[in-house]
Amino acid sequence: MTEAYTLTLAFAAFLLAGLLVKFWLAGRQVKHVASHRDTVPAAFASKVSLAAHQKAAGYTIAKARLGLAETAFGAAVLLGWTLLGGLDALNQALMAWIGPGMWQQLALLGSFALIGGLLELPFSLYHTFVLEERFGFNKMTFGLWLADMAKGVLLGLAIGAPIAWLILWLMGAAGEWWWLWAWTVWMGFNLLLLVIYPTFIAPIFNKFKPLEDEVLKARVTELMRRCGFAAKGLFVMDGSKRSAHGNAYFTGFGPAKRVVFYDTLLAKLSPDEVDAVLAHELGHFKHRHIAKRIVLMFALSLAGFALLGWLASRTWFYAGLGVQPNLSAPNDALALLLFMLAVPVFSYFISPVMAQFSRKHEFEADAFAAQQTDGAHLGSALLKLHEDNAATLTPDPVFVRFYYSHPPASERLARIQPGAAA
């Protein structure tokens, strides 16, 4: 039991340390943004109004405070599932009701997902219908929100249940190297999703129409040809049905690649600015960022499955996280759930490394866009998107280094247009 006690202490220590750091970082962010709320940074004074700057500050602070509540609640729920015995109680109750076997394990996974989803509902509702509504971003009706949730649940069952069954079956039937087979299945499943998502899954939630603006289509097509990029189509998504936020992205994999513009984005940006935003996305393609991220995902998931394969056969792994393993029944679902609960706690402190990795890619994509289009158009597009999404121009530098996957506007503009945001 020494190993179990050590794991319990380590889990509790990492959970507490992570919670303290999250509160410290959020506090820094709120304080820093609030202290700069009443003055637009000099570099943006001629381009961003004080009202827009203050709206972004208010939105950022409100999101940070909601995040604090979610963090505290999430930590309490996590503690309840693990060291306080919630997952163990759920497992024992289902064992007594259903009996040991595959159905009990699937029921455990499903019940865990259902309870977790119900616990998160209040935050989802508040974020959409209070916070986003307050700042003028929410366009979603309650009926649409319910429809999206129902579609998500049904889609999760249709896709998640079969893959869960297959992973559990491999854990019980494939021997000592089950984790390698499971990893292969998992990676194949993720690659398949990249192919089928644009055509079969995304249209369940949004409508996608071919880009009808012939002038813009010609510009975009020429830009893609010049950059050596081939897409299956150019589409406009009805993002305004849910939100006033704007965006553009590539989706799909291999021959299924397509370019998607939010209708809100096309309504806000000029053709030159649309070109610049698209060129940024093409920069990710040109620098092989997507391929690099897929390779990284392959490597990290392989390490994760190998670690799970080792931990799943150790009694102290279950006992150390508040669960009494079954003595005469499979523990595979328990192992999966405990691993999913514990890994974020222990891996939280590598967040800055992953964020830095992502910011580096964004800078590279910006540099490519500035080469292919006018950097001034990219800069003006970034400012419009920051204002459109109420992204603060004055985030806390430490918070940025820890969390931001995209560099702040001031840093991006300083590289695109040296001196423009110094």
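Coordinate-derived values only; no laboratory data. Quick caveat, the model's predicted, so the values are computed rather than measured. For neighbour counting, all protein chains shown are included, and Cβ atoms are generated from backbone atoms with ideal geometry for every residue, glycine included.
Of the cross-linked pairs LYS63/LYS241; LYS139/LYS360; LYS257/LYS360; LYS232/LYS360, which ones have a Cα-Cα span greater than 26 Å in the structure shown?
The answer is LYS139/LYS360; LYS232/LYS360.
Taking the DSSP beta bridges in the chain as the whole, what percent of them are antiparallel, to the nearest 5?
65
Roughly how many debye, to the nearest 20, is the charge dipole of the chain about its Cα centre, given +1 on each Lys and Arg Cβ, -1 on each Asp and Glu Cβ, and no other charges? Before the final figure, lay out each step's value.
Numbers: 34 positive and 28 negative charges, 106 e Å.
Dipole of the chain, to the nearest 20 debye: 520 debye.
Looking only at MET149, MET95, MET140, which one moves most when the chain is put into a Gaussian network model with springs between Cα atoms under 10 Å?
Fluctuation is largest for MET149.
Taking the dipole about the Cα centre of the stretch 180-321, with the C-beta of Lys and Arg at +1 and of Asp and Glu at -1, give me whichever of ALA319, THR184, PHE235 is farthest to the positive side.
Value computed over the given set: ALA319.
Net charge near THR128: determine it from the other residues with C-beta under 15 Å of the C-beta of THR128, scoring Lys and Arg +1 and Asp and Glu -1.
That sum, taken over residues with Cβ under 15 Å, equals 0.
How charged is the neighbourhood of VAL259? Take every other residue with its Cβ under 11 Å from the Cβ of VAL259, and add Lys/Arg as +1 and Asp/Glu as -1.
On the way: positive: LYS217, LYS232, LYS257, ARG258; negative: GLU281.
Taking every Cβ under 11 Å from that of VAL259, the sum is +3.
Quick one: putting +1 on the C-beta of Lys and Arg, -1 on the C-beta of Asp and Glu, what dipole do you get for the stretch 98-210 around its Cα centre, in Debye to the nearest 20?
It comes to approximately 380 debye.
Taking the Cα centre of the stretch 183-296 as origin, sum charge times position over the Cβ atoms of Lys and Arg (+1) and Asp and Glu (-1), and report the length of that vector in debye to the nearest 20.
Values: 16 positive and 10 negative charges, 89 e Å.
Approximately 420 debye in magnitude.
For PHE123 and ARG226 in one chain, what is 0.36 nm times their gap in residues minus the Cα-Cα distance, to one decimal in nm?
Extra length from PHE123 to ARG226 when fully extended: 32.6 nm.
Could you check the spin-label model distance between GLU364 and GLU214? Points 7 Å from the Cα along Cα→Cβ, value in nm.
Label-label distance for GLU364 and GLU214, simple model: 3.9 nm.
Considering the options GLY101, VAL30, VAL40, tell which one lies farthest towards the positive end of the dipole of the stretch 30-143, charges being +1 on Lys and Arg and -1 on Asp and Glu at the Cβ, about the Cα centre.
Toward the positive end, the furthest listed residue is VAL40.
Looking at the square roots a ≥ b ≥ c of the eigenvalues of the Cα gyration tensor of the stretch 182-291, which shape do they give, rounded for a/c under 1.5, prolate if a/b is larger than b/c, or oblate?
Judged from the Cα gyration tensor, the stretch 182-291 comes out oblate (a/c at least 1.5, b/c at or above a/b).
Which order do the peptides 401-414, 4-17 come out in when sorted by mean C-beta neighbours inside 10 angstrom, highest first?
Result, highest mean Cβ count within 10 Å first: 401-414, 4-17.
Go through the stretch 99-185 and name the GluC sites (Glu not before Pro) that are in a DSSP coil and have 10 or fewer other Cβ atoms within 10 Å of their Cβ.
none
How much net charge surrounds MET237 when only the other residues with a Cβ under 14 Å from the Cβ of MET237 are counted, with Lys and Arg +1 and Asp and Glu -1?
Once all neighbours under 14 Å are counted, the net charge is +3.
Projecting each Cα onto the charge dipole of the chain (Lys/Arg +1, Asp/Glu -1 at the beta carbon, about the Cα centre), which of VAL215, SER347, PRO162 comes out farthest on the positive side?
VAL215
Per residue of the chain, what 222 nm ellipticity follows from adding -39500 (n - 2.57) for every DSSP H run with n ≥ 4, rounded to the nearest 500?
The helix-only estimate for the chain comes to -23000 deg cm²/dmol at 222 nm.
Expressed in nm², what is the orientationally averaged projection area of the convex hull enclosing the Cα positions of the stretch 251-324?
Over every viewing direction, the Cα hull of the stretch 251-324 projects on average to 8.8 nm².
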